[in-house]
Amino acid sequence: MRIRLSQLTKTYKGGVHALKGIDLDVPTGMYGLLGSNGAGKTTLMRILAGLLRPTSGTVLLGGHDVTTKEGRLAVQRTLGYLPQDLGVYPDLTARQFLDYIALLKGIDERSARRRRIGELLEVVALTEHADRKLKGYSGGMLRRVGIAQALLNDPRLLIVDEPTTGLDPEERIRFRTLLSRLAGERTVLLSTHIVEDVAQTCRYLAVLAKGRLVFQGDVGALVAAAHRQVWTVTTSGAAPSTGRIVAALPHGSGMRYRVVAPVPPDPSARPAEPTLEDGYLALMEAAAPV
Amino acid sequence: MIATLRYEFLMQIRRPVMWIVYGLTFVVLVATMWPGYRTLDLGLGDGHDPKAAMLASARLTMSLLAIVYGCLLADRLIRDRRLGIATILEAAPCSAAGRLVGKYLGVCAATAVPIALVFFGRAVVYTFTEGKVETLAWSLAVFATVILPGLIFLGALALAGPLLMPPLPFRVLFVAYWFWGNLIPADMMPTLSHTIFAATGDYAAYGLFDRARPDAVVYGWPDAALNFLRPAATPAVAVLWMGVMVALAAAILLLTRLHAARSES
Ligand SMILES: Nc1ncnc2c1ncn2[C@@H]1O[C@H](COP(=O)(O)OP(=O)(O)OP(=O)(O)O)[C@@H](O)[C@H]1O
Ligand SMILES: [Mg+2]
């Protein structure tokens, strides 16, 4: 499902400008949305899910305008949404919880519901825990219940808001692999502030900073944003004072720093090969220098 | 709506705390209302008349259990947001009004189950001890007209109230409201007690079942404030009272829906 946003703005009641004139075009497949805390990722996703009304601008999902009631229902029928602060009813089992959400999503036929829930419990590897109450679930298991509920209606658009935060490394890798397996025909919009998650799963991404879209394009282009801006400085003296230090490792009797900066931070600085994270940081540096 | 009704009912009826609180309150009820609760005679000597006995049972049952009913409902509506589950529910392609009504019907029904058990349980016991089968018919009629309209209104009130304040102070206020607006004599202070807005079901008891009051007044207190809200209890006024209860519940739910719609954006 194609997402087209134009001149999208959102101003909260207290006067917080959470989104400022976003123009964005999201194709099918896995799409990353990067941004630091408070950048506006959740706001954007809530608008896409029809939970929040934009202040101005247009939002078209597969040709439907989510700001109208019909458009919102049409989108929500093919939407799966995993919110950032996902909650569940602690006294229900995973199977009951999924059954409830499936009913809300309009899967009325009992046998179809049962079959679908069974399949999804397999997909997220929770079959053997399915009849335990959710209050006994770990954070990672809850996240998997969350993705299962999002998938119940076989959505064409899957929105996942920082799904890997708080997961241990193994669980995190398993989760993002699951997400990219799910992409295929769907649009999967993944928001995160963990650059690595995007680097490992997405070809295309957008970067939000303080409510503005500061980048959209493929991963290579973001890496290129840090071209000639990444340096290593090996010194036994003080740390470089300009640019952003992204790594510091002991090296012999001194330290080796990895620095993102538009100009060499030190006469001895040597250019280094940029990564996606460097690209992201270079962009942040340009958007709001520290 | 049906899905929400079903699961809200299920989640409430399985709450151990609900059964514990009702159980303890029932013990208190029996202890403080003894021997009235045994004879079902509130001083008129009509404890052997099934109709009068069922009306007395309804009054005694509601006097304390209505408090439990309100307090147990207080956290149900705001819980979705607290648990962080509201987002998922709102992202589902179904109407928010339908979910609200489903929740209201589901949790209120579940929370009313113990009250029904107590009331009908007492009716069954009475049927055997007095050997009067017609008791069961009277108990159904009394439950539907005296108890149910009150529960319909109190349920909406207790669900929506905590949108304005946290559940704990709301519960305290609810208890105070119950005594002030329903139980105290009308001439004690200006009160909603015994008015058409009281939830105790007196209007139905007096208007539909021509139950007599101890002081033989059909209805009303000669010198109480707000007496214009206390028309004489006739069958028509009893029906009006039921309408008022249902209308108040509907109005509260409507306000709740508007409140939610406003805070959505
Ligand atoms: N309901 C709200 N009312 C007022 N301001 C809000 C509301 N929700 C978010 N904001 C503000 O809008 C801005 C964007 O918030 P948002 O939650 O979209 O960011 P985010 O990118 O998801 O951040 P995070 O990575 O911390 O989840 C922030 O400044 C935040 O304080
Ligand atoms: Mg967020």
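For segment A:8-30, which residues satisfy the criterion of being within 24 Å of residue A:194 (Cβ to Cβ), of a type in the set (Gly, Ala, Ser) and more than 16 Å from ligand 2 (Cβ to nearest atom)?
A:29
If the Cβ limit is 8 Å and pairs must be 6+ apart or interchain, which residue in segment A:9-23 that is among the small types (Gly, Ala, Ser) pairs with which residue that is more than 14 Å from ligand 2 (Cβ to nearest atom)?
Filtered contacts from segment A:9-23: A:18/A:11; A:21/A:7; A:21/A:8; A:21/A:9; A:21/A:57; A:21/A:212.
Here's the yes/no breakdown for (1) more than 16 Å from ligand 1 (Cβ to nearest atom); (2) farther than 26 Å from residue A:151 by Cα:
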residue: A:191; (1), (2): no, no
residue: A:195; (1), (2): no, no
residue: A:211; (1), (2): no, yes
residue: A:228; (1), (2): yes, yes
residue: A:232; (1), (2): yes, yes
residue: A:253; (1), (2): yes, yes
residue: A:259; (1), (2): yes, yes
residue: A:275; (1), (2): yes, yes
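If you take the residues in segment B:78-102 that are open to solvent by less than 30 Å² (accessible area, probe 1.4 Å) and more than 12 Å from chain A (Cβ to nearest Cβ), which one is farthest from residue B:171 (Cα to Cα)?
B:100
Which ones in segment A:1-42 are closer than 21 Å to residue A:220 by Cα and either within 8 Å of ligand 1 (Cβ to nearest atom) or of a type outside the set (Asp, Glu) (or both)?
Passing the criteria: A:24, A:26, A:27, A:28, A:29, A:30, A:31, A:32, A:33, A:34, A:35, A:36.
Among the residues that make up segment B:133-144, is at least one of them open to solvent by 60 Å² or more (accessible area, probe 1.4 Å), within 22 Å of the chain's Cα centre (by Cα) and under 21 Å from residue B:11 (Cα atoms)?
No, the conditions are met nowhere in segment B:133-144.
Helices (runs of 4 or more DSSP H) wholly in segment B:1-58 with at least 2 residues that are modelled with pLDDT of 95 or more - which ones?
Because the criterion is at least 2 residues that are modelled with pLDDT of 95 or more, the helices (runs of 4 or more DSSP H) in segment B:1-58 that meet it are B:2-13, B:16-32.
Can you tell me how many residues within segment A:139-162 are in a helix (DSSP H, G or I) and buried (at least 19 other Cβ atoms within 10 Å of the Cβ)?
Qualifying residue count for the region: 9.
For segment A:110-138, give me each residue that is within 13 Å of chain B (Cβ to nearest Cβ) and open to solvent by 30 Å² or more (accessible area, probe 1.4 Å).
Of everything in segment A:110-138, those that are within 13 Å of chain B (Cβ to nearest Cβ) and open to solvent by 30 Å² or more (accessible area, probe 1.4 Å) turn out to be A:110, A:133, A:135.
Identify all residues within segment A:4-27 that are surrounded by fewer than 21 Cβ atoms within 10 Å (Cβ to Cβ) and not in a loop (DSSP other than H, G, I, E, B); write none if there are none.
A:4, A:6, A:7, A:9, A:11, A:17, A:20, A:21, A:23, A:24, A:25 - these are the residues of segment A:4-27 that are surrounded by fewer than 21 Cβ atoms within 10 Å (Cβ to Cβ) and not in a loop (DSSP other than H, G, I, E, B).
Condition first: under 23 Å from residue B:208 (Cα atoms) and not small (Gly, Ala, Ser). Now tell me which residues in segment B:1-54 satisfy that.
Answer for segment B:1-54, where residues must be under 23 Å from residue B:208 (Cα atoms) and not small (Gly, Ala, Ser): B:37, B:39, B:40, B:41, B:42, B:44, B:46, B:48, B:49, B:50, B:51, B:54.
Under 7 Å by Cβ, and 6 or more places apart or on different chains, what pairs join a residue from segment A:85-103 that is more than 9 Å from every other protein chain (Cβ to nearest Cβ) with one that is open to solvent by 20 Å² or more (accessible area, probe 1.4 Å) and part of a helix (DSSP H, G or I)?
A:94/A:129
Taking the condition open to solvent by 30 Å² or more (accessible area, probe 1.4 Å), part of a helix (DSSP H, G or I), in contact with a helix residue (DSSP H, G or I) (Cβ under 8 Å, 6 or more places away or on another chain) and of a type in the set (Phe, Trp, Tyr), does residue B:128 pass?
no
Taking the criterion of being within 14 Å of chain A (Cβ to nearest Cβ), surrounded by 17 or more Cβ atoms within 10 Å (Cβ to Cβ) and closer than 24 Å to residue B:176 by Cβ, would at least one residue in segment B:31-44 satisfy it?
No.
Can you tell which of B:65, B:44 is in contact with a Pro (Cβ under 8 Å, 6 or more places away or on another chain) and under 28 Å from residue B:256 (Cβ atoms)?
B:65
Just a yes or no: is a residue in segment A:28-45 more than 14 Å from every other protein chain (Cβ to nearest Cβ), open to solvent by 10 Å² or more (accessible area, probe 1.4 Å) and of a type in the set (A, V, I, L, M)?
Yes.
Conditions: (1) within 14 Å of chain A (Cβ to nearest Cβ); (2) touching a Phe, Trp or Tyr at 6+ places or on another chain (Cβ under 9 Å); (3) surrounded by 19 or more Cβ atoms within 10 Å (Cβ to Cβ). Residue B:12 meets all but one. Number of the miss?
Unmet condition: (2).
Helices (runs of 4 or more DSSP H) wholly in segment A:31-124 with at least 3 residues that are within 16 Å of ligand 2 (Cβ to nearest atom) - which ones?
Answer list for segment A:31-124: A:41-48.
Considering only segment A:74-84, state which residues are within 16 Å of ligand 1 (Cβ to nearest atom) and either more than 7 Å from chain B (Cβ to nearest Cβ) or over 24 Å from residue A:42 (Cβ atoms) (or both).
Hits for segment A:74-84 are A:82, A:84.
The values are calculated or read from the model by the stated rules, or taken from the named source; none is laboratory data. These numbers were taken from a predicted model, which means no experiment stands behind them. In this analysis, Cβ positions are derived from the backbone assuming ideal geometry, glycine residues included, and neighbour counts consider all displayed protein chains. These area figures cover heavy atoms from the full protein model, side chains too; ligands, DNA and RNA do not enter into them. Shrake-Rupley method; radii C 1.70, N 1.55, O 1.52, S 1.80 Å.
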